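Throughout, read-outs are computed from the coordinates displayed, never taken from laboratory work. Note that the coordinates shown come from a computational prediction; the quantities given were computed from them, not determined experimentally. Using ideal geometry, Cβ is built from the backbone for each residue, glycine included, and neighbour counts are taken over all protein chains shown.
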Amino acid sequence: NAIPEPVASTSTCISAIQPTTEQSSSPYYKEITRVLKSVFKLESFRGNQLEAILATMSGKDVFVLMPTGGGKSLCYQLPAVCKGSSSSGLTVVVSPLIALMNDQVNGLRNIGVDVELWNSENSSDDAYAITRRLKGGVGELPCMLYLTPEKLSESAVLKSILGRLYEMGALARFVIDEAHCISTWGRDFRDAYAKLDCLRAWYPNVPIMALTATANESVIKNIIDRLSIPNCVFLKQSFNRPNLHYDVREKKKNTILKEIAAFIKSRHANETGIIYCFARAHCEQVAQALRDEFGLRAEHYHAGMPQAEKKRTQDQWQSGEAQIIVSTIAFGMGIDKKDVRFVIHHTMPKNMDGYYQETGRAGRDGRPADCILFYQYGDAKALMEQIAKDKDDGTTPLTEEDKTRLTEEVKKVMEYCTNISRCRRVQVLRYFNEAFHESDCHKGCDVCMDDAEVTTRDVTTEAIEAIKLLKSMSGNNSMAHCKAVFVGSKKKEVMQRGHDGLPGHGKGHGLGQKGIDQLFEELVAMDVFREQAITNSGGWSNSYLQLGQRANEVLSGQKRVTIHVKAGPASAGPSKKTTKKTASKPVVRTTSKKTVVQEKKVSLFQADNDYLG
Ligand code: ADP
Ligand code: MG
Ligand code: ZN
């Protein structure tokens with residue numbers, strides 16, 4: 001049982017969509033547009049919203065795959081309010097986060113929608129009032145009931161009430177928001193969500209609507225299987241976010257905060273944004289520095305803070321009192337602030353899915369927003385070391401399989417960050433199996449904006465020399481030492497280890513230091529090399545370069561190694577610095593030749609690490 005064919009796939013998600021004649025001649029269409037305008041005060045639908053609404057109102061199961069900010073909520077909130085469809089009655093919404101539910105319920109009540117909320121935060125009085133209402137019969141029912149999955153699977157009272165409503169034909173539909181939580185393969189798996197696989201068996205005739213922004217195919221298939229909705233109407237939305245500008249920059253330890261502050265002040269003075277950091281302590285430091293040194297209204301947020309403080313910080317940010325939130329990835333899921341104008345990754349994300357979700361919190365109102373990722377090799381290395389040390393989330397120990405998978409995911413982000421020859425959007429969307437044409441980016445990323453010529457240089461010969469060198473070296477050697485031998489350094493501390501004269505020694509000279517950095521980092525990303533952390537007797541941890549799984553594939557010529565090289569502004573003139581590396585290289589592919597000059601361009605390859613420790 002494969003994933004159903006998508007019935008609609010529009011290329012943009014935020015722009016308004018005109019209904020087809022078939023849609024507008026549906027018996028529900030008049031009521032739907034009335035509710036859209038009079039209740040939700042909206043002008044038009046976005047891609048796939050009307051399709052989803054019509055399908056669920058005619059009693060079909062629906063699967064909505066739509067990026068964050070695409071407008072999934074309306075797909076079930078609007079039909080819940082409509083009168084006169086074949087499946088009118090109570091819409092039951094299962095949602096994973098109480099904060100998320102509170103937001104939605106408050107929003108709905110503000111526009112006059114009759115909605116109830118039942119979760120662990122309800123007092124017994126509340127719960128009593130709700131049960132009375134639900135028992136009261138069809139005339140008494142609210143349009144919607146929001147539940148946590150725990151309530152739905154654990155409350156016997158609720159089960160008997162829903163059973164009774166089912167008998168009366170008063171259940172309009174079940175809605176499973178953030179449906180990826182049901183899949184053990186997803187990253188947000190929730191135990192109580194898994195129990196939702198009983199819904200079809202318990203209430204066979206009630207249509208189900210599942211919604212998620214997770215595009216991973218196996219997760220989607222798993223959701224459809226578990227909810228038993230094999231014949232659902234499958235609505236897949238393009239994941240392109242046309243209003244987001246993607247940018248990857250070199251992270252320079254000493255100047256990054258200055259760069260961030262200058263960017264915010266010049267481009268987003270008084271506009272709201274998020275800065276993502278990796279470590280909790282680091283969020284606090286960065287927020288404080290932005291306040292004290294740069295006079296910005298920044299607050300930190302992470303999972304280690306007391307609940308009340310988290311709430312206060314979130315409220316401050318939501319209201320605009322705090323301009324910037326500096327956070328770990330604990331902040332974000334379910335937060336609906338429409339006017340987030342920038343998302344900055346101070347530390348690279350752990351995987352591309354996370355990158356997409358985190359950047360996706362910007363520009364939910366459809367207006368332009370900036371996403372900047374600061375990359376340095378040291379951060380990738382630190383992340384991989386953490387995974388190797390089994391400290392991914394500190395709760396459950398990682399299996400070897402998990403470690404391999406998580407490391408692969410970090411490497412995909414490394415690849416993304418270092419590939420300066422391919423449109424960022426093409427790269428991001430490829431991760432979601434979506435073909436995207438660079439010409440549709442409209443200079444919406446740093447790569448497409450850049451006028452400099454980027455070439456892909458084949459460095460397989462040099463890679464083979466480097467592998468031979470490492471193979472022949474004895475003892476534990478740091479990456480820095482290996483690079484020094486490879487370039488043929490005559491420095492005393494390099495020479496005294498006696499590695500000169502080995503195969504590969506000095507063979508990297510022609511690449512220059514930057515080229516060697518790129519080569520070695522690419523080899524780590526390919527798993528030709530590995531940096532292995534070894535803790536010595538004194539408790540200090542050092543990392544040493546070792547051969548990885550793929551070394552033989554490169555040695556045998558099966559796999560080629562390429563790096564991306566950009567011709568600097570100097571390459572046009574006679575500067576000795578850059579021309580040496582770029583002028584004589586074999587050009588494999590030229591990806592961009594543009595006329596507009598961009599102010600900033602930097603190399604992305606500098607080994608340094610400032611967020612652990
Ligand atoms: P998702 O759940 O897919 O992440 P939401 O349902 O939270 O997205 O919607 C994101 C934002 O888009 C909300 O602020 C919502 O009000 C707005 N929105 C949704 N549908 C429309 C529409 N048809 N027209 C204008 N704005 C919309
Ligand atoms: Mg949502
Ligand atoms: Zn682009």
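With angles folded into 0 to 90 degrees, how steeply does helix 217-226 sit against the dominant principal axis of the chain? Use alpha carbons for both and round to 10. The angle comes out near 30 degrees.
Of all DSSP beta bridges confined to the chain, the antiparallel ones make up roughly 25%. What you get for segment 380-534, charging only the Cβ of Lys and Arg (+1) and of Asp and Glu (-1), is a dipole of about 700 debye around the Cα centre.
Computed from Cα atoms alone, the Kirkwood hydrodynamic radius reported for segment 155-311 is 20.0 Å.
Per the Kirkwood formula applied to alpha carbons, the chain shows a radius of gyration over Rh ratio, Rg over Rh, of 1.02.
Projecting the Cα atoms of Ser327, Ile344, Ser218 onto the charge dipole of the chain (Cβ charges, centred on the Cα centre) puts Ile344 farthest toward the positive pole. Taking only the Cα atoms of segment 375-481, the ratio Rg/Rh comes out at 1.05, with Rh defined as the Kirkwood radius. Shape class of segment 13-147 from the Cα gyration tensor (axes a ≥ b ≥ c, square roots of the eigenvalues): prolate, since a/c reaches 1.5 or more and a/b is larger than b/c. With Cα atoms defining each centre, segment 465-526 and segment 201-252 are spaced 46 Å apart in the structure. Taking the average, over residues, of other Cβ atoms within 10 Å as the packing measure, peptides 515-521, 482-488, 337-343 rank 515-521, 482-488, 337-343 from highest down. For segment 423-439, putting each phi into the Karplus relation 6.51 cos²θ - 1.76 cosθ + 1.60 with θ = phi - 60° gives couplings of 2, 4, 5, 4, 5, 5, 6, 4, 4, 9, 6, 10, 6, 9, 9, 3, 5 Hz, in residue order, rounded to whole numbers and with x for Gly and Pro.
A cut-off of 5 Å between modelled amide H atoms, ignoring neighbours fewer than 5 places along the same chain, links Ala533 with Tyr544.
Sorting the segments 121-132, 171-182 by their residues' average number of neighbouring beta-carbon atoms within 10 angstrom, most packed first, yields 171-182, 121-132.
Rounding to the nearest 20 debye, state how big the charge dipole of the chain is about its Cα centre with +1 on each Lys and Arg Cβ and -1 on each Asp and Glu Cβ.
With Lys and Arg at +1 and Asp and Glu at -1, about 1680 debye.
Taking a ≥ b ≥ c as the square roots of the eigenvalues of the Cα gyration tensor of segment 74-160, is the shape rounded (a/c under 1.5), prolate (a/b larger than b/c) or oblate? Oblate. Taking θ as phi - 60° and the Karplus parameters 6.51, -1.76 and 1.60, the scalar couplings of segment 252-263 work out to 10, 3, 7, 10, 4, 5, 4, 5, 4, 4, 5, 4 Hz in sequence order, x denoting glycine and proline.
Taking segment 143-299 as the region of interest, the number of lysine pairs whose Cα atoms are within less than 30 Å, with members eight or more places apart or on different chains, is 12. Judged by the ratio a/c of the largest to the smallest principal axis of the C-alpha gyration tensor, segment 469-538 counts as oblate, that ratio being 1.5 or greater while a/b is no larger than b/c. Backbone phi angles across segment 296-302, fed through the Karplus curve with coefficients 6.51, -1.76 and 1.60 (θ = phi - 60°), yield HN-Hα couplings of 9, 7, 10, 10, 9, 8, 7 Hz in residue order; Gly and Pro are listed as x. What aspartates and glutamates could a cross-link reach from Lys491, if we take a straight Cα to Cα line under 12 Å and drop same-chain neighbours fewer than 8 places away? Partners within reach: Asp500.
Loop-resident GluC sites (Glu not before Pro) (DSSP state other than H, G, I, E or B) in segment 306-394 with no more than 12 further Cβ atoms inside 10 Å of their Cβ: Glu321. Rounded to the nearest 10 degrees, the inclination of helix 460-472 to the longest alpha-carbon principal axis of the chain is 70 degrees.
Could you grab the Rg to Rh ratio for segment 296-383? Cα atoms only, Kirkwood for Rh.
When Rh is taken as the Kirkwood radius, the ratio is 0.96.
Taking amide H as placed 1.01 Å from N in the peptide plane, the amide H of His345 sits under 5 Å from that of Tyr276, Ile372, Leu373, Phe374, each at least 5 places away or on another chain.
Residues whose amide H lies under 5 Å from that of Leu296, counting only those 5 or more places away or on a different chain, are Arg291; hydrogens are built 1.01 Å from N in the peptide plane.
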